[in-house]
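Asker: Here you go, one structure.
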Amino acid sequence: MTNKPANSEKTYYVSKSDLPVSCPGPEMITWNSHPKVYLPIEKTGEAVCEYCGAKYVLKAD
């Protein structure tokens, strides 16, 4: 995976193998981002980060 700036996109698509989901994610450069938070995506299939507003969507596998 290539490192990309944290919060550079508004919607991120993740799969079950990516669980648990955190924002910023493990592939993001975090030195200038918000604190890491884990998002409860399993029940509804979607979650929004309370810090940056990024939306995470669980892909159907």
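The values are calculated or read from the model by the stated rules, or taken from the named source; none is laboratory data. Remember, it's a predicted structure, so these values are computed and weren't measured experimentally. Heads up, the Cβs are rebuilt from the backbone with ideal geometry, glycines too, and the neighbour counts pull from every protein chain shown. The accessibility values were calculated without ligands, DNA or RNA, using every heavy atom of the protein model including side chains. Shrake-Rupley method; radii C 1.70, N 1.55, O 1.52, S 1.80 Å.
Asker: Under 7 Å between Cβ atoms, at least 6 apart or on separate chains: pull out the pairs that start in the range 29-54 with a residue that is farther than 16 Å from Val14 by Cβ and end on any residue that is assigned to a loop (DSSP other than H, G, I, E, B) and open to solvent by 80 Å² or more (accessible area, probe 1.4 Å).
Answerer: Ile29/Asn3; His34/Tyr51
Quick grid of which residues meet (1) of a type outside the set (Lys, Arg); (2) modelled with pLDDT of 90 or more; (3) surrounded by fewer than 11 Cβ atoms within 10 Å (Cβ to Cβ):
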site: Met1; (1), (2), (3): yes, no, yes
site: Pro20; (1), (2), (3): yes, yes, yes
site: Cys23; (1), (2), (3): yes, yes, no
site: Tyr51; (1), (2), (3): yes, yes, no
site: Leu58; (1), (2), (3): yes, yes, no
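Asker: Another one. Checking Ile41 against (1) assigned to a loop (DSSP other than H, G, I, E, B); (2) open to solvent by 40 Å² or more (accessible area, probe 1.4 Å): exactly one of these is not met. Which one?
Answerer: Condition not satisfied by Ile41: (2).
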